[in-house]
Structure formats: structure tokens, C-alpha cells
Amino acid sequence: MGLGSGRAASVPVDPMVNRGPLPVPPRHAPKDGPVLQSQKQAERDRKPEMGESAPWVVRTALGVEPRQGRLHVFMPPLMNAEDYIDLWRRWRTPPGT
């Protein structure tokens, strides 16, 4: 197909070419401060009822999955490196030792 068919021709682009600075996005001042979640604080802090789905509660877990002969360990988000080290030691240490 030629250029007259309505489709653009594929032209290789050099990724190393300097294209200048990126445009600066417009800044908008928040009216009443940032809105991070749609629920009110009291609703987010309440304990869910037995059997109730609670999408406002963040649950973390350690995931372990074998893939192509390797064992992949997915660590939950923790506050600091010491917590990761402690979790890793607990996971690597057999029970009762």
C-alpha cells in the first residue's frame, strides 16, 4: 500500500535523537485538599462484619510460586528493611528450630 491509501508509512525513529524537554503539565490548585478515597474516615476505620467483603482493608500476603524451575517469592509491602529481613528469616527457618 502506498502513502495515498490513507495509512501512514512506518518510518524508523532513532530513540537517541534529542527531542527537547517534555512539556510541563498545567498545575491546578486543589479546592479542598486532595481527595484520596471516596469513603469517609469513620467508614474506612470500622471492622468488617463476619463474611462481609471489605475492599477498604489492605491485606498483605507472602506468595511463593514455582516458575520454569525457579522458586519465585513475592514479598508483601513492609515499612522497613528490617521487617523484610525478619520475614525472610522466618520463612527460611524450618518450624521447631
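Given the condition modelled with pLDDT under 70 and part of a loop (DSSP other than H, G, I, E, B), answer yes or no: does some residue in the stretch 40-60 qualify? Checked the stretch 40-60: at least one residue is modelled with pLDDT under 70 and part of a loop (DSSP other than H, G, I, E, B). Here D83 meets each of (1) surrounded by 10 or more Cβ atoms within 10 Å (Cβ to Cβ); (2) assigned to a loop (DSSP other than H, G, I, E, B); (3) at pLDDT 75 or above with one exception, condition (2). Within the stretch 63-97, the set of residues being in contact with a strand residue (DSSP E or B) (Cβ under 8 Å, 6 or more places away or on another chain) and acidic (D, E) comprises just one member, E65.
The values are calculated or read from the model by the stated rules, or taken from the named source; none is laboratory data. All values reported here derive from a predicted model rather than from experimental measurement. We place every Cβ from the backbone using ideal geometry, glycine too, and count neighbours over all the protein chains shown.
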